[in-house]
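Asker: Please read through the structure below; I'll follow up with questions.
The values are calculated or read from the model by the stated rules, or taken from the named source; none is laboratory data. Remember, predicted model here, so these are calculated numbers, not experimental data. Quick reminder, even Gly has a Cβ in these numbers, built from the backbone with ideal geometry, and neighbours come from all protein chains shown. Keep in mind that these areas ignore ligands, DNA and RNA; they rest on the heavy atoms of the full protein, side chains included. Shrake-Rupley method; radii C 1.70, N 1.55, O 1.52, S 1.80 Å.
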Amino acid sequence: MLTIHTADELRISWDADPLKDGAVAVEGDRVAGTGPLDVLLERFPGARVRSWPGVLGPARVHEGPLPEAPSPRERLHAVLKSGAVAVLQEHVDTPELRAAAQRNDVAVLARTRPTAIVAPGRADLAVFDADGTCLATVCAGRLVHRRR
């Protein structure tokens, strides 16, 4: 099923100018398109639409040690709750953490990289409110965190 994510503003990259009423179409684990919401609705009729308050942009890379938690899964979930869907290899240093990252589609990177929303790239998105709190995280097309 194709889902269109939209927010008050869309940023294709965090250093790009915002697009008001912008949206990202996601099919499976890939970005199917980006642009104004009305254009994507016309291009993908019948798509499910998820509207978010705040700014929608590319998910981030968590650059430091993973937060402490009782289990590897919970440590990775804390990263997802921050709007990141990638971690650095040096901080995923046990077989249990690597397995948890793989099960949750969290990318393990040798070094940090710029993030951007591009079609047909992997659908890694995050929504942040005005104070920087992560409201939602989409990892490889799946909604993995939503702040209530």
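Asker: Scanning for something outside any loop (DSSP other than H, G, I, E, B), modelled with pLDDT of 95 or more and open to solvent by less than 80 Å² (accessible area, probe 1.4 Å), does the range 40-48 turn up at least one residue? First the steps, then the outcome.
Answerer: Residues of the range 40-48 outside any loop (DSSP other than H, G, I, E, B): 40-43, 48.
Next, only the ones that are modelled with pLDDT of 95 or more stay: 40-43, 48.
Of the ones still in play, those that are also open to solvent by less than 80 Å² (accessible area, probe 1.4 Å) are 40-41.
Within the range 40-48, one or more residues are outside any loop (DSSP other than H, G, I, E, B), modelled with pLDDT of 95 or more and open to solvent by less than 80 Å² (accessible area, probe 1.4 Å).
Asker: Check every one of the strands (runs of 3 or more DSSP E) wholly within the range 94-148 and list those with 2 or more residues that are exposed (fewer than 15 other Cβ atoms within 10 Å of the Cβ). Write out each step before concluding.
Answerer: On the way: elements: 107-109, 125-128, 134-139, 142-146.
The qualifying strands (runs of 3 or more DSSP E) are 142-146.
Asker: Next question. Check the range 83-94 and report whether any residue there is closer than 15 Å to residue 145 by Cα and not aliphatic (A, V, I, L, M).
Answerer: Taking the range 83-94 first, the residues closer than 15 Å to residue 145 by Cα are 83-86.
Still in the list and also not aliphatic (A, V, I, L, M): 83.
Checking the range 83-94: at least one residue is closer than 15 Å to residue 145 by Cα and not aliphatic (A, V, I, L, M).
Asker: Moving on to the next point. Within the range 49-71, restricting attention to residues that are in contact (Cβ under 8 Å) with a residue 24 or more places away in the chain and of a type in the set (D, E, K, R), which residue is surrounded by the fewest Cβ atoms within 10 Å (Cβ to Cβ)?
Answerer: Selected residue: 63.
Asker: Can you name the number of the only condition in (1) modelled with pLDDT under 95; (2) touching a Ser or Thr at 6+ places or on another chain (Cβ under 9 Å) that residue 100 fails?
Answerer: With (1) modelled with pLDDT under 95; (2) touching a Ser or Thr at 6+ places or on another chain (Cβ under 9 Å) applied to residue 100, the lone miss is (1).
Asker: If you scan the range 11-36, which residues turn out to be part of a loop (DSSP other than H, G, I, E, B) and β-branched (Val, Ile, Thr)? Even if it seems obvious, please write down each step before you answer.
Answerer: Kept after step one, since they are part of a loop (DSSP other than H, G, I, E, B), are these residues of the range 11-36: 11-18, 21, 28-29.
Listed by number, the list holds a single entry, 12.
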